[in-house]
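These notes are about the structure you will find just below.
The values are calculated or read from the model by the stated rules, or taken from the named source; none is laboratory data. Everything quoted here is computed from the prediction, not taken from an experiment. Backbone-built Cβ (ideal geometry, glycine too); neighbour counts: all protein chains shown. Side chains are part of the model used for accessible areas, which takes the heavy atoms of the whole protein and leaves out ligands, DNA and RNA. Shrake-Rupley method; radii C 1.70, N 1.55, O 1.52, S 1.80 Å.
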Amino acid sequence: DVNLYFGRTEVIENTLNPDFVRKFVLDYFFEEKQNLRFDVVCLLQSFLGQTFCTLGEIIGSAGARLERVLSGIPGKKCGNIIFTAEELSNCRDIATMQLCANKLDKKDFFGKSDPFLVFYRSNEDGTHDFIGEFTTSYRELSRGQSQFNVYEVLNPKKKGRKKKYVNSGTVTLLSFKVESEYTFVDFIRGGTQLNFTVAIDFTASNGNPAQPTSLHYMSPYQMNAYAMALKAVGEIIQDYDSDKLFPAYGFGAKIPPDGKVSHAFPLNTDCENANCVAIEGVLEAYYECLRTVQLYGPTNFAPVINQVAQCAADVTDGSQYFVLLMITDGVISDMVQTKEAVVNASSLPMSIIIVGVGPAEFDAMEELDGDEVRVSSKGRAAERDIVQFVPFRDYIDRSGNQVLSMARLAKDVLAEIPEQLLSFMKSRGIEPRPALSNSPATHITVHL
């Protein structure tokens, strides 16, 4: 790990409860575990205490406000420290006719006191000819279609050269609409929770867990690929789930006491409540399952997908978004049923991450990852692309550094989650609940 010194706050004297004003601007990446360390020192540079957290914990906490206990000198009470976060929105002109509302009536927008709109004519050879420009403001445009929103388009060069020049035409406002462009962080700060569910492949093709050649082998020295994938993804997503309770399932094994094959059994053996406490709890339940179940088959995905989809179908108001992580070593046996399950789930607040472990060929899995062609079933295409598939072997560090391998995996498989969440919210017209700080950038669409 590389430790980088970022900065320090101002000095506040004569108080036991300082309220620091200085803000630090950090680039935020949902798909990365961004570890932070805070040291507190007194004016004479003596160490008072420190605390650790991730940037995701601050963003994902209620109101983007996180309180932590300072740890420091043994036997000495150091107090608490509170962190808050706010999003800085970069307001840009999206196109000639799309403007940022929070700057429209301010000076220096495009270098002038009022915004001006420029018009060009496109030629067949790809070049553009300048037609003219006119000035307006947000207040004027917000009046809508009226006599006040008819503008002369002027070309300064033509005006200077031709005495009889009047204008290059007129522009009439036909419609005016304000649309807010919300971000992933807006929904998280508004209280949207990420519900993380894990499903692990317990089919016999993984090999005997007691043998070092097995993909489920529990080495006393390092984690197996299943544990690594689970920990890599789970440790990031858990920052956005307030109760830290994660349903965890297995599929493809014979389970006690009757030895029947199950494709959606709880790792904690509690059929009424499959929740495990934190990612460590999921790992413990996984390791315990390896000692009690018999690896069997086939590799059926649809039952677990449908089970999580049922939960997602009960909460479609934007307050929760479900992320299912499926870890497998082989080709899906129920592809037809799985495609149908994915198509059905694509209309729900849900994403599916599939991680393939081991040396098997996973070509068939690419059918489910709809980056290029949407999954379809019975003539019906998926409403959204909700599946991300990757083979873990592509992320293994050649030097054997498991931490680096896990970071690479998480960065890739989680990168699409924010956009998938936003696509669902937008398709349903769901806006984030009010947050404690600034509103998102607003874009104005003008039709002329």
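Condition check ((1) open to solvent by 50 Å² or more (accessible area, probe 1.4 Å); (2) among the basic types (Lys, Arg)) across all residues:
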| position | (1), (2) |
| --- | --- |
| THR127 | yes, no |
| GLN145 | yes, no |
| ASN155 | no, no |
| ARG161 | yes, yes |
| VAL166 | yes, no |
| GLY169 | no, no |
| SER175 | no, no |
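Of all residues in segment 141-200, those satisfying the criterion of being more than 30 Å from ILE354 (Cα to Cα), within 44 Å of the chain's Cα centre (by Cα) and of a type in the set (Ser, Thr, Tyr) are SER142, SER146, TYR151, THR172, SER175, SER180. Residues that are more than 30 Å from PHE30 (Cα to Cα) and not β-branched (Val, Ile, Thr) occur in segment 238-253; there is at least one. Annotation note: of PRO432, PRO391, the sole residue that is in contact with a Gly (Cβ under 6 Å, 6 or more places away or on another chain) and more than 30 Å from GLY63 (Cβ to Cβ) is PRO391. Just one of the numbered conditions (1) open to solvent by less than 10 Å² (accessible area, probe 1.4 Å); (2) at pLDDT 95 or above is not true of TYR240: (2).
Pairs linking a residue in segment 228-255 that is in contact (Cβ under 8 Å) with a residue 60 or more places away in the chain and at negative phi to a residue that is among the basic types (Lys, Arg) and surrounded by fewer than 23 Cβ atoms within 10 Å (Cβ to Cβ), with Cβ atoms under 6 Å and 6 or more positions apart or on different chains, are ILE236/LYS33.
Can you list residue pairs whose Cβ atoms sit under 6 Å apart, with the first residue in segment 304-332 being farther than 30 Å from ARG189 by Cβ and the second being assigned to a helix (DSSP H, G or I)? Count only pairs 6 or more apart in sequence or on different chains. That search, which allows pairs on different chains as well, returns ASN306/ALA341; ILE327/TYR226; ILE327/ALA229; ASP329/SER205; ASP329/ASN206; GLY330/SER205; VAL331/ALA364; ILE332/THR338.
So for segment 357-368 (the condition being open to solvent by less than 30 Å² (accessible area, probe 1.4 Å) and at pLDDT 95 or above), does at least one residue qualify? Yes, the conditions are met somewhere in segment 357-368. Filtered by the rule that a residue be assigned to a loop (DSSP other than H, G, I, E, B), surrounded by fewer than 16 Cβ atoms within 10 Å (Cβ to Cβ) and among the charged types (D, E, K, R), segment 273-332 gives ASP314, ASP317. Within segment 64-79, being modelled with pLDDT of 70 or more and open to solvent by 30 Å² or more (accessible area, probe 1.4 Å) holds for ARG65, GLU67, ARG68, VAL69, SER71, GLY72. Test TYR249 against the stated conditions and say whether it is at pLDDT 95 or above, aromatic (Phe, Trp, Tyr), surrounded by 16 or more Cβ atoms within 10 Å (Cβ to Cβ) and not in a strand (DSSP E or B). Taking the combined requirement at face value, the residue does not satisfy it. Being under 20 Å from the mean Cα position of the chain (by Cα) and of a type in the set (Asp, Glu): is that true of ASP394 here? No; evaluated as a whole, the condition is false for this residue. Counting just the residues of segment 6-45 that are of a type in the set (Asp, Glu) and within 27 Å of the chain's Cα centre (by Cα), which one comes out farthest from LEU409 (Cα to Cα)? It comes out as ASP27. Here ASN208 does not fit the description of being open to solvent by 10 Å² or more (accessible area, probe 1.4 Å), modelled with pLDDT of 95 or more and assigned to a strand (DSSP E or B). In segment 204-222, the residues that are over 15 Å from LYS254 (Cα atoms) form Cβ pairs under 8 Å with partners that are surrounded by fewer than 11 Cβ atoms within 10 Å (Cβ to Cβ) and hydroxyl-bearing (Ser, Thr, Tyr), at six or more places apart or across chains, as follows: PRO212/SER219. If you filter segment 376-398 down to residues that are free of Cβ contacts under 8 Å to residues at least 40 places away in the same chain and closer than 15 Å to GLN420 by Cα, you find that the one that is most open to solvent (accessible area, probe 1.4 Å) is ASP385. Do the conditions hold for ALA435, that is, is it at pLDDT below 95 and in a helix (DSSP H, G or I)? So ALA435 fails the test.
Report yes if ILE82 is modelled with pLDDT under 75 and of a type in the set (A, V, I, L, M), otherwise no. Judged against the criteria, ILE82 is a match. Hey, could you check segment 333-354 for residues that are assigned to a helix (DSSP H, G or I), open to solvent by 10 Å² or more (accessible area, probe 1.4 Å) and not polar (S, T, N, Q) and say which is nearest to ARG393 (Cα to Cα)? Ranking the candidates gives MET335 first.
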